[in-house]
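Here the structure is laid out as structure tokens; the discussion comes afterwards.
Just so it is clear, none of the values below were taken in a lab; they were calculated from the coordinates. All values derive from a computational prediction rather than experimental measurement. Virtual Cβ from ideal backbone geometry, glycine too; neighbours counted across all protein chains shown.
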Ligand code: SF4
């Protein structure tokens with residue numbers, strides 16, 4: 001890893017602010033979109049760039065904000081990689097979010113998030129905290145191939161269960177669904193049943209498939225050659241160089257998703273899930289009658 005002083009930390013998109021404390025990721029997911037060339041990494045993806053001044057930047061940004069909002073993190077890089085246990089930057093940022101009573105939507109695949117459960121609890125009580133977890137396969141062996149350096153799905157479900165006990169709402173990303181790999185009804189069904197059992201609020205999926213582009217495609221195909229001999233050829237024949245690679249079972253899986261979610265009162269349209277994650281209840285938004293949104 002290497003350290004930098006970033007110029008800024010918060011980006012604003014619609015009603016939601018986003019931040020990435022780290023750049024690059026060590027979880028090693030074979031399908032990782034963040035590896036794509038379009039993100040213009042100037043260092044190897046596993047050589048994590050640490051924005052060492054993230055807490056100071058965040059505090060300055062929140063101090064100057066006139067209106068509170070949800071702050072999202074974890075979209076481009078997991079906030080609970082191994083290095084976080086040593087550096088504690090995510091924890092420091094959560095302390096600042098708690099201090100200024102902003103909301104938080106935090107996405108991870110790691111059970112290390114449990115280290116900060118006290119802060120998540122406090123943020124949820126003072127404003128709102130949503131924990132987002134990605135679940136792609138219920139099969140432990142497959143999980144260790146797809147997402148080799150992070151805890152498996154069963155452990156992630158235990159994390160979701162812990163959130164449920166504390167009343168912290170959760171959203172699950174059931175994505176990507178990899179053609180001919182995890183795109184079975186059995187897999188999707190098992191994941192959704194567990195989500196329902198642990199009270200997940202909503203499921204995000206983008207059409208039951210995978211996206212690939214330059215940078216990420218090469219890495220994915222290397223992994224296919226290593227773990228699923230012959231599958232790369234099948235992909236190339238079916239999808240060529242397409243960006244969207246929907247599973248051949250997409251229709252059936254989407255139907256299953258809709259049915260299971262309706263049955264169990266879980267949100268299943270991405271726009272509904274995002275609306276829920278971006279929305280800070282009005283009583284928390286107002287800081288004073290005279291404040292102006294910045
Ligand atoms: S956790 Fe996310 S950012 Fe990290 S390797 Fe996996 S897909 Fe990429």
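A few notes on this one:
- Residues within the stretch 35-56 that are free of Cβ contacts under 8 Å to residues at least 60 places away in the same chain, within 16 Å of the ligand (Cβ to nearest atom) and either closer than 16 Å to residue 73 by Cβ or crowded, with 18+ Cβ neighbours inside 10 Å (or both), tallied: 5
- Check on residue 16, within 22 Å of residue 175 (Cα to Cα) and within 14 Å of the ligand (Cβ to nearest atom): no
- Residue match in the stretch 96-109 (condition: more than 18 Å from the chain's Cα centre (by Cα), under 22 Å from residue 171 (Cβ atoms), surrounded by fewer than 18 Cβ atoms within 10 Å (Cβ to Cβ) and away from the ligand (no atom under 13 Å from the Cβ)): yes
- Every pair of residues 6+ apart whose Cβ atoms lie under 6 Å, when the first sits in the stretch 68-79 and is more than 17 Å from residue 131 (Cβ to Cβ) while the second is away from the ligand (no atom under 12 Å from the Cβ) and in a strand (DSSP E or B): 69/17
- Any hit, the stretch 57-73, residues being within 16 Å of the ligand (Cβ to nearest atom) and either more than 19 Å from the chain's Cα centre (by Cα) or surrounded by 20 or more Cβ atoms within 10 Å (Cβ to Cβ) (or both): yes
- Residues of the stretch 197-220 satisfying the condition of being farther than 26 Å from residue 232 by Cα and in contact with a helix residue (DSSP H, G or I) (Cβ under 7 Å, 6 or more places away or on another chain): 198, 199, 200, 201, 202, 203, 204
- When residues in the stretch 28-50 are screened for being over 19 Å from the mean Cα position of the chain (by Cα) and farther than 27 Å from residue 177 by Cβ, 5 of them pass.
- Single residue of the stretch 136-154 satisfying the filter (within 12 Å of the ligand (Cβ to nearest atom) and assigned to a loop (DSSP other than H, G, I, E, B)) that is surrounded by the fewest Cβ atoms within 10 Å (Cβ to Cβ): 148
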